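Let me begin by presenting the structure, written as structure tokens, before commenting on it.
Derivation of every value follows stated rules applied to the coordinates shown; laboratory data play no part. From a predicted model like this one, the values you see are computed outputs, not experimental measurements. Glycine also receives a Cβ, built like all others from the backbone with ideal geometry; neighbour counts cover every protein chain displayed.
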């Protein structure tokens, strides 16, 4: 969910709940005030009636709102209010009244005063006020919602722009991260922090890259010394067992050095240190690579067949194209069986390299990971180099095991 | 033949000079840029082995000096960096060859020989071992005067043995020399035996001696001793 959507939704929800509360509370408050007013009105009228009785000894009676009568002393009650209903003949409906009853002693006589006040108009008033209040609140809510939304958009606009920039930023690319300035302090602080952070990260990344490269290079020199020394040892008259030990040490050194070289290659591909050449005709590259392996193909008596229906061309560094297909073809031969098959299918859109091999399928998800290997002799880096080259050149590689083990490279559009 | 070895790693410097001295080269050593520059300016060398990263300078700069002053020496760059840029730069600046560490001595010898031949320092283009004579220019092999046809790989292999005569060479080194490390086949070097067998058969057919001895099934040596 987007930030603004979230904010707006929260805002809307809170305001709706608030609106309901305010309306309910408002309604009751209004009612309370109006009832109070009504009572005050009644008391004022009572005072006027008392004056009338006291001065003129006149008992006013207006049906149904004023009723006064003389009573005996034993009928004296304290003042009380109650709600009653009367049938209004004009309006032809039941009407609610607030009835006030009081007994008083005026000029040594006892009187009962009943005053009634219609609640109908008060109720109508309450409803009218409440409704208009509600209407106003809803209107205010909608207006403020729209305004906030619009305001948020302008305020967050720069943030969104910067977010896009950060999204597109990559440590591999040479350009620096540039963020748009705003007049909002928090955003500027964020920008500043981000810029410092990326700068630091970039320099760390660079030194890490350099470290990997330098470390790999530094390892090669002692390896050379060991290897040359062992070669000197091998020139002496050695017993078979010592000879074999030296050879196996030498092989281990060779592996170490190859491993080192491959890791370096991977790092370089990742860092895009190979400049892209013009369109390379992959068919030619494959032809060339298959020729390199002639000796081994003959040795294993592998039947190589080309199925050509087009020319696959890619913008790639030539050396990388060689490494890519050298790895795939060498795998197809290495993991092949004697008298096996190697089918190379070339079209305009894809290249498939299929070979016979052991029956079990390779586990599809992990084969392209580093150090996933079939046996201890392999480095487990060949396919991850292949994958890395594909990834950096808009190519997709898939592995399928049908009758043959097939690696297919497709151009990503 | 005079060789200048420029390398800051003393241990490696000694190994190289020991080996090359055994192969009848006259070696001079320089462990830093300053010494190397002085030697290059004063003496004449047939081949300079040049390490790129030196404590007080770059081998690339030494290469520039050599070419700028028209010093007629073959230059082989020895670098820990297999980086393509360095390689292209080195070769563009007039290096004759580029070797990446770790390298093998027979391979180094083969490359030095090839440079010497190209620069005609040797004065001839024949490599001889008893009755076997290889004419490098014509890519011809003769046994007691009779020509034998060898395939490209067989020819390369035989030449490699002839240049590194009396020296034990492992299968790995041969594979690396013939296939340029392009071929990653781990322990599966059996097919080298196929090529070697062909060479032996062809030499025997012309009644030549089989000088290539197998050592414990893991290495080979061209020897008449």
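Points worth noting:
- Modelled FRET efficiency - R0 45 Å, residue B:152 with residue A:241, Cβ distances, 0.05 increments: 0.75
- For segment B:1-100: rounded, prolate or oblate by the Cα gyration tensor [a/c cutoff 1.5]: rounded
- Simple label model, 7 Å out from Cα along Cβ direction - residue A:277 to residue A:151, nm: 6.2
- 5 Å-binned pair-distance histogram of segment A:186-270 (Cα, whole percent): 3, 12, 15, 13, 10, 9, 8, 7, 6, 4, 4, 3, 2, 1, 1, 0
- Förster-model FRET efficiency, 56 Å R0, residue A:17 and residue A:401, C-beta, rounded to 0.05: 0.40
- Calculated on alpha-carbon atoms, Rg and Dmax of segment A:3-142 in Å: 22.5, 79
- Annotation: extensible slack from residue A:40 through residue A:127 equals 29.2 nm (criterion: 0.36 nm per residue apart, minus Cα-Cα distance).
- For segment A:167-316, fraction of C-alpha pairs farther apart than 19 Å, in %: 76
- R0 of 60 Å, Cβ-Cβ distance residue A:28-residue A:233: FRET efficiency to nearest 0.05: 0.05
- Between residue A:308 and residue A:51, full extension at 0.36 nm per residue minus the direct alpha carbon distance yields a gain of 80.4 nm.
- 0 to 90° range, to nearest 10: angle between helix A:282-292 axis and chain A longest Cα axis: 40
- Dimensionless Rg/Rh of chain B - Kirkwood Rh, Rg from C-alpha atoms: 0.99
- Compactness of segment A:279-411 - radius of gyration and Dmax, Cα, Å: 13.8, 38
- Pair residue A:318, residue A:208: separation of 7 Å Cα→Cβ label points (nm): 3.4
- Going by neighbour counts of Cβ atoms within 10 Å, the residues A:87, B:216 line up, fewest first, as A:87, B:216.
- Relative contact order (percent, whole number), segment A:279-411, Cα cutoff 8 Å, 6+ residue spacing: 24
- Scattering curve values for segment B:126-222, log₁₀ I(q)/I(0), Debye with Cα scatterers, q = 0.10, 0.11, 0.21, 0.23 Å⁻¹: -0.25, -0.30, -1.10, -1.30
- The average projected area of chain A, computed from the convex hull of its Cα atoms over all directions, is 45.2 nm².
- Here the sum of -39500 (n - 2.57) over DSSP H runs of 4 or more residues, divided by the residues of the protein assembly as shown, equals -17500 deg cm²/dmol at 222 nm, to the nearest 500.
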